[in-house]
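Reviewing the structure listed below.
Just so you know, all these numbers are worked out from the coordinates, no wet-lab data involved. This one's a predicted model, so the numbers in the text were calculated from it and none came from an experiment. Quick reminder, even Gly has a Cβ in these numbers, built from the backbone with ideal geometry, and neighbours come from all protein chains shown.
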Amino acid sequence: MALIKCSECGADVSEKALECPKCGCPLDITKQMMSDAKKRKNKQLYALITVIIAIIIVSVAGVFFVKHDNTPGDMAIRIIKKDFGSNISVESIYYNAEKNGCIVKFSANGEDNTATVHLDDKIAGYKSVMDEYTNKSKTSATEKEKTQYAQQLLDYMSVYDMLWEYDLLMNGTSEDGWEKIK
């Protein structure tokens, strides 16, 4: 036989008694209060377990997606999409671990292009921009403008390592650390 506490006076009373011998409080009220408290505790426990399971699932999914989307090729494509929008078609991607960079051949808006992508700095240089500087230099009316655009072209090429593609074409993948990843 188990003892329970009276909800009114706190006295120990047999669970089979109908009322508290000390104060006369009906024990069905005490039993109901104990049952309600136990149900609340169980609900809290179930809620806690559910939250813990949800956190584990979200963490595992997060690790999977972060790891999955952080390959060099995926990172390079995201950088290019910032400049050209999401409607690009990627032909090939070369990665160089030493440079932590990619050369990406792609098309956007119906035009072929090549990008050199610096993954550390999250920046990209584009052949189309280089071509634009070249055309402006060729079609400029004055020598000063031609020189200005030629200098901008050289600066652009050096900042974005536009000669990476030349190195890849001349030396191939095995000699210069380039690896085709797509």
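Quick rundown of the values:
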{"quantity": "Which of Ile123, Thr71, Ala97, positive extreme of dipole for the chain (C-beta unit charges)", "calculated": "Thr71"}
{"quantity": "J(HN,Hα) series, segment 116-121, from Karplus relation 6.51 cos²θ - 1.76 cosθ + 1.60, nearest Hz, glycine and proline x", "calculated": "9, 10, 8, 6, 5, 8"}
{"quantity": "Fluctuation leader among Ile56, Ile123, Ile103 - the chain, Gaussian network, Cα springs under 10 angstrom", "calculated": "Ile56"}
{"quantity": "Using alpha-carbon coordinates, inclination of helix 27-68 to the longest axis of the chain, degrees", "calculated": "10 degrees"}
{"quantity": "Under the Karplus curve 6.51 cos²θ - 1.76 cosθ + 1.60, θ = phi - 60°, whole-Hz ³J(HN,Hα) for segment 87-96, x wherever Gly or Pro sits", "calculated": "8, 10, 10, 8, 8, 7, 9, 10, 10, 10"}
{"quantity": "Listed values (1) 15.5, 44; (2) 14.7, 44; (3) 35.7, 112, entry calculated as Rg and Dmax of the Cα atoms in Å", "calculated": "(3)"}
{"quantity": "Contact order normalised by residue count of segment 1-110, Cα under 8 Å, 6+ apart, percent", "calculated": "13 percent"}
{"quantity": "Neighbour-limited loop hits for trypsin sites (Lys or Arg not before Pro), segment 1-40 (at most 11 other Cβ within 10 Å; DSSP other than H, G, I, E, B)", "calculated": "Lys16"}
{"quantity": "222 nm mean residue ellipticity, helices alone, for the chain (DSSP H n ≥ 4; -39,500 (n - 2.57); rounded to 500)", "calculated": "-18500 deg cm²/dmol"}
{"quantity": "Rounded Å value of the spacing that divides the Cα centres of segment 128-145 and segment 152-170", "calculated": "17 Å"}
{"quantity": "Charge dipole (the chain, unit charges on Cβ, about Cα centre) - positive-most of Ala61, Asn87, Ser140", "calculated": "Ala61"}
{"quantity": "Pairs from Lys122/Lys146; Lys5/Lys38; Lys16/Lys41; Lys105/Lys127 whose Cα-Cα separation, in the structure shown, is over 19 Å", "calculated": "Lys122/Lys146; Lys16/Lys41"}
{"quantity": "About the Cα centre, charge dipole magnitude for segment 72-180 (Lys/Arg +1, Asp/Glu -1 at Cβ), debye", "calculated": "360 debye"}
{"quantity": "Label-point gap, in nm, between Asn42 and Asn109 - each point 7 angstrom along Cα→Cβ", "calculated": "6.5 nm"}
